[in-house]
Amino acid sequence: MQKWQDLGSEITEWIKSYAEKNKIKTLVVGVSGGIDSAVVSTLCAKTGLDTIVLNMPIHQSKNQFNLSNKHIAWLKSNWENVEGHLIDLTGTYDLFCESDLKNHQLSDLVLANTRARVRMTTLYAIAGSNNGIVVGTGNKVEDFGVGFYTKYGDGGVDISPIADLYKSEVYALADSLGVLVEIQEAAPTDGLWSDSRTDEEQMGATYDELEWAMKEIENPSNVELNDRQRSVMEIYLKLNSTNSHKMNPIPVFKNKMIDSMEE
C-alpha cells in the first residue's frame, strides 16, 4: 500500500509542478464514473490547485451518471479546492445529430466518437475560461497499447498523469487513494454507446489480458501460448495496428525542394 501512496504523491507533485511552471491556475477533469477519471481527479484535487471536475452526460445510463455524481460529491467533501459541475450535453449532441448531418447516414461509431469530441470541446471551454489545462485520464494500455480512445476526443488533453500506468496499477492506486468502492468494482466502459456496452465487450478481451499481451511483446517469456493467449495476442496486435494512427505522430510532408534550393 505504501508504494502506491508514494506513487500517488509523486504524480500529484508532477501535476502541480507542471502547472506552476507554466503559470496554470486551474486543473479541469471530465469525470465519467470510471476508475481512470476517479484516480486522475483525486490526484488533481490533492495538488491544492483549483480543480474543476465535470459530469457531462449524453444520454448516459443512470448508473454511470450516479457514479460520476457520487465521486464529485466525495471529492468536494474531502478537498475545498474542488469545484464540481453537471453540464448535460444531451441537447447539444442531439442538435448536432439533427443538423444537416442527419442526411449523411453517420455510423454508430462516428456518433459515439462525436460524444467524446463534444465533451472535449466543453472541457477546453471551461479550461480556457479559467486559466486552466485539461488533464487526461487515459492509462498505458489504452493510450499506447490498443489506442482505445477517441482521436481529438478523450485523446485531446494537455497532460497525461496516468498514461504510463497499466490498468492494474491504476486500480492499486485507486485503492490507496480511497476511491469509492463502487467505482473500483464497476465494469470499465467508455460510456459512449446507448447500450452501455463495456470496454471488454468492445475489444474482445479484458484489460488484464491486454496488459499481459503488451508486456509479453515488450519482454517475451518464450513460453508456448495457450489458445486463449494466442487469441488475446491477435486481438491486441489487430487493435494496435488499426489504431496506430492515433498513437503515432501526425504525418508531415517534408519539403525537400526548399532544402535543395538553399544548398
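Structure notes:
- Subset tally (residues that are within 17 Å of residue 74 (Cβ to Cβ) and among the β-branched types (Val, Ile, Thr)) for the stretch 13-46: 6
- Residue count, the stretch 181-213 (criterion: more than 17 Å from the chain's Cα centre (by Cα), among the hydrophobic types (A, V, I, L, M, F, W, C) and buried (at least 18 other Cβ atoms within 10 Å of the Cβ)): 3
- Of the residues making up the stretch 66-99, those that are among the hydrophobic types (A, V, I, L, M, F, W, C) and buried (at least 18 other Cβ atoms within 10 Å of the Cβ) are 67, 72, 74, 75, 82, 89.
- Residue pairs meeting the criteria (Cβ under 7 Å; at least 6 apart or on separate chains; first of a type in the set (Gly, Ala, Ser), in the stretch 83-96; second not in a loop (DSSP other than H, G, I, E, B)): 84/53; 84/72; 84/75; 84/76
- Test set (1) under 27 Å from residue 19 (Cβ atoms); (2) touching a residue at least 40 places away in the same chain (Cβ under 8 Å); (3) surrounded by fewer than 20 Cβ atoms within 10 Å (Cβ to Cβ) - residue 158 fails condition number: (2)
- Of all residues in the stretch 214-240 being among the polar types (S, T, N, Q) and exposed (fewer than 11 other Cβ atoms within 10 Å of the Cβ), the one that is modelled with the lowest pLDDT: 222
- When restricted to residues that are surrounded by fewer than 23 Cβ atoms within 10 Å (Cβ to Cβ), over 14 Å from the mean Cα position of the chain (by Cα) and either closer than 19 Å to residue 139 by Cα or free of Cβ contacts under 8 Å to residues at least 24 places away in the same chain (or both), the stretch 28-63 contains 1.
- Screening the candidates 255, 240 for the property of being over 25 Å from residue 33 (Cα atoms), free of Cβ contacts under 8 Å to residues at least 24 places away in the same chain and either touching a helix residue (DSSP H, G or I) at 6+ places or on another chain (Cβ under 7 Å) or not β-branched (Val, Ile, Thr) (or both) yields one hit, 255.
- Qualifying residue in the stretch 137-155 (condition: of a type in the set (Gly, Ala, Ser) and not in a loop (DSSP other than H, G, I, E, B)): yes
- When the stretch 171-230 is filtered for residues that are under 27 Å from residue 10 (Cβ atoms) and in a loop (DSSP other than H, G, I, E, B), the ones remaining, listed by number, are 178, 179, 180, 186, 188, 219.
- Within this structure, residue 77 passes the test of being more than 15 Å from residue 174 (Cβ to Cβ), of a type in the set (Gly, Ala, Ser) and free of Cβ contacts under 8 Å to residues at least 60 places away in the same chain.
- Taking residues in the stretch 128-149 that are more than 22 Å from residue 23 (Cα to Cα) and surrounded by fewer than 21 Cβ atoms within 10 Å (Cβ to Cβ), and partners anywhere that are of a type in the set (Asp, Glu) and at pLDDT 95 or above, the pairs with Cβ atoms closer than 6 Å and at least 6 places apart or on different chains are 140/164.
- The residue list 35, 58, 15 contains one member that is touching a Ser or Thr at 6+ places or on another chain (Cβ under 6 Å) and closer than 23 Å to residue 164 by Cα, which is 15.
The values are calculated or read from the model by the stated rules, or taken from the named source; none is laboratory data. These numbers were taken from a predicted model, which means no experiment stands behind them. All Cβ positions, even for glycine, are placed from backbone atoms using ideal geometry, and neighbour counts span all protein chains on display.
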